[in-house]
Amino acid sequence: MKEDHQPILEIRNLSKSFTASGTLEKLSGKTKYVRAVNNVSFQLNKGEVYGLVGESGSGKSTLARTILQLTKPSSGEVLYKNQDLTALKINEMRKLRKDLQLIFQDPFSSLNPRKTVGQILEEPLRIHGVKKAAIRQEKALALLEQVGLQTEHYFRYPHEFSGGQRQRIGIARALIVDPEIAILDEPVSALDVSIQSQILNILKALQKNLNLTMLFIAHDISVVRYISDRIGVLYLGEMMEEADTDSLFAEPLHPYTQALFSSVLDGSKKERIPLKGEIPSPLAPPSGCVFHTRCPFATELCKEQKPKLREVRAGQRVACHFVK
Amino acid sequence: MTLLKVEQLHTHIHTNKGRVSPVRGVSFSIEKGEVTGVVGESGSGKSVMSQSLIRLLDREGNIEYNGQIHFDNKDVLALSEAELRKLRGNDISIIFQDALSSLNPLYTVGNQIVEAIRTHQSLSKKTARKQAIEFLRLTGIPSPETRFNSYPHELSGGMQQRVMIAMALVSKPKLLIADEPTTALDVTIQAQILDLIIQLNTEFEMSILFITHDLGVVREICSSVKVMYLGQIVEEGPTETIFNQPLHPYTKLLLASMPKLNSDRTEPLPAITGTVPSLSNIPKGCSFSTRCPYATDLCREQEPPMFSNDGQRVQCWLYDEEKGGWLD
């Protein structure tokens, strides 16, 4: 548990919809929208790891991209150091990008194949105004070591590395500019189990040593549990439940969280709560509580009225009518 | 009754850079009605091994097999192309990880199932259509009559995988090879598909060879498991024994490196150092010796034999036959 509860990043009522219609529908005024993220609020405290879990289509990646202003949100605010990122001009935002770094899932497509590792690592430094080549190189070599690579790797090209090693390069590239916040979008899901644990250990060590704030997005619940201090559960673009990791796993309160946790196959035998059907299309999200179509406890109330995300225990927020 | 018996199977691929061998001396058997898991990381040869069983790779290039594959008293490696075609889809079906790329985007799913039925049985289109709808229903697809006319892209990933399973079932195969069928699916959908596979296994007494990298899935549905590393089975046995009492260091580390819902979050995860060596550079001696924390000079020099102990088999020098466990 972290002592200081200083929010470093605050997300307020963030929503993002995409247009899903062609020109014809637009002209006739029947524009359809895909509601990817709907009214999500949470905050990152300085030095903590916040995990976001959800199935595909839950809006995890859109949320990350919207926070970073890589896509403009439809509404809502993202507050960082008393500034609303959504209101910044492109060049103002560009100056802040150094502070907010993104680490990607696919270590194959996120590294430029024609640049050496040294060039890849030093590019962000050059962009952010480190003019002396010697300083850039020194920094790059130091980071290589921190992520468990060797000095000789400095001159090599991405194709000479395995998936796990490439992910280390991606991590080094993000951290070289000393960001305040790292957003990691499925950073280990493309890796084998044995490599995954190497990367998780490195991330955990770096986070601790640098007192880095991390937003860790993944669909693998055991992985998110291992690395996060607090966790938010997303379903169809909405926050279903949020709590610190230990409380959430000790007693998940939302029926979706319960079912999700029970489907995790971590090698231990346990009772599963089967969920019928599939995640509904965000083109036509269900009325009321978005989970009611699959919820084993759903009533008429759930179909009609959307439950508010409310604090039911200290630090535990749940969006369900029936949680006392 | 033994359905499939594989002895010392080697699969060699001749490339213009020389010969590589993704499968290097694999022996095992599958009983009727058994659900067997094969686990391994990428590059362990699990997919090539499973595709070798029905010689699916033959057309991919210059392939050479050594060893024996006996299925239901047939010598698979000696079959002609015509006989193989009868075996594939009829007696042995295979489903893959990526259902969307296994389905033809230009035909409705119903059409594709009818085609599969009519390839193996001489039925009228009308009867075949009826059967196809029944198979769609059996795999839990809601309103199968409507879905019959859907194109693959109109279905979700879970539904596509159900269609693949329906297609694999049309000839009531004796063996179903499932190559990572749930890897691309979300956990709640994965649970549904696993339940379906188990239900089919009980209903049709169909044997299943389940290929996966996910140890959690194996524990959930397989009665026995084989652990592959670099083209060899390094350990095998009943699932519970392997999980409770793994003998090979690779199995132990693989199990330990998996984060669990009750593991200590403050401790670093046990990790396996390094990466799987390349097939063109297979280590001398035990293939795991380059990453094994317990490797000795013997391990680096000589390949260990397979030791057996009460249904569990392990290929490791550290195993002590007299003790029935690890050397100290």
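Worth pointing out:
- Net dipole in debye of the protein assembly as shown [+1 Lys, Arg Cβ; -1 Asp, Glu Cβ; about Cα centre; nearest 20]: 2320 debye
- Considering only B:Ile141, B:Val227, B:Ile69, the residue lying farthest towards the positive end of the dipole of chain B is B:Ile141, judged by Cα position with unit charges set on Cβ.
- DSSP-defined antiparallel bridges as percent of all bridges, the protein assembly as shown, nearest 5: 60 percent
- Computed over the stretch B:37-105, the ratio Rg/Rh where both radii use C-alpha atoms and Rh is Kirkwood: 0.97
- Per-bin percent of Cα-Cα distances, the stretch A:127-273 [10 Å]: 9, 34, 31, 16, 8, 1
- Inter-chain shielding of A:105-114 (mean C-beta neighbours from other protein chains, 10 Å cut-off): 0
- Separation between Cα centres of the stretch A:293-324 and the stretch B:191-246, rounded to whole Å: 38 Å
- For chain B, the relative contact order works out to 19 percent when only alpha carbon pairs closer than 8 Å and six or more residues apart are counted.
- Cα pair distances exceeding 42 angstrom across the protein assembly as shown, given as percent: 31 percent
- Counting only DSSP beta bridges whose two residues both lie in chain A, roughly 60 percent are antiparallel.
- For peptides A:213-224, A:232-243, B:105-116, sequence by mean Cβ density within 10 Å, most packed first: A:232-243, A:213-224, B:105-116
- Magnitude of the charge dipole, the stretch B:100-170, Cβ model with Lys/Arg +1 and Asp/Glu -1, debye to 20: 220 debye
- Kirkwood hydrodynamic radius over Cα pairs of the stretch B:100-170, then Stokes diffusion coefficient at 10 °C and 1.306 mPa s, in µm²/s: 136 µm²/s
- Peptide A:52-58 - average C-beta neighbours from other chains (10 Å radius): 2
- Dividing the helix sum by the residues of the protein assembly as shown, where each DSSP H run of 4 or more adds -39500 (n - 2.57), gives a mean residue ellipticity at 222 nm of -9000 deg cm²/dmol.
- Cut-off 10 Å between beta-carbons: net charge of the residues surrounding A:Leu248, Lys and Arg +1, Asp and Glu -1: -3
- For B:Lys252, the lysines whose Cα falls under 30 Å of its own Cα, not counting residues fewer than eight places away in the same chain, are A:Lys204, A:Lys208, A:Lys269, A:Lys270, B:Lys5, B:Lys32, B:Lys46, B:Lys226, B:Lys260, B:Lys284, B:Lys323.
- For the stretch A:48-182, convex hull volume per residue from C-alpha positions, Å³: 136 Å³
- Packing, as the average of other Cβ atoms within 10 Å across residues, places the peptides B:238-246, B:122-130, B:71-79 in the order B:238-246, B:71-79, B:122-130, highest first.
- Packing around the peptides B:82-94, A:293-305, taken as the average count of other Cβ atoms within 10 Å per residue, puts them in this order, highest first: B:82-94, A:293-305.
- Axial C-alpha extent at least 15 Å, average Kyte-Doolittle at least 0.5 - helices from chain B (DSSP): B:157-169, B:187-204
- Remark: chain B carries a charge dipole of roughly 1140 debye about the Cα centre, counting +1 on each Lys and Arg Cβ and -1 on each Asp and Glu Cβ.
- 5 angstrom amide H check on B:Asp320, placed H, neighbours 5+ away: B:Gly325, B:Trp326, B:Leu327
- In this structure, the pairs whose alpha-carbon distance is over 20 Å, taken from B:Lys74/B:Lys125; A:Lys276/B:Lys130; A:Lys98/A:Lys139; A:Lys89/A:Lys139; A:Lys95/A:Lys115; A:Lys30/A:Lys60, are B:Lys74/B:Lys125; A:Lys276/B:Lys130; A:Lys89/A:Lys139; A:Lys95/A:Lys115; A:Lys30/A:Lys60.
- 10 Å Cβ neighbours from other chains, averaged over peptide A:196-207: 4
- Rg over Rh, two decimals, the stretch B:1-145 (C-alpha only, Kirkwood Rh): 1.01
- Counting only the Cα atoms, chain B fills a convex hull of 155 Å³ per residue.
Computed from the coordinates by the stated procedures, all read-outs in this text should not be read as laboratory data. Just so you know, these numbers come straight off a predicted model, no measurement behind them. Neighbour counts are summed over all protein chains in view; Cβ atoms, including those assigned to glycine, are modelled from backbone coordinates with ideal geometry.
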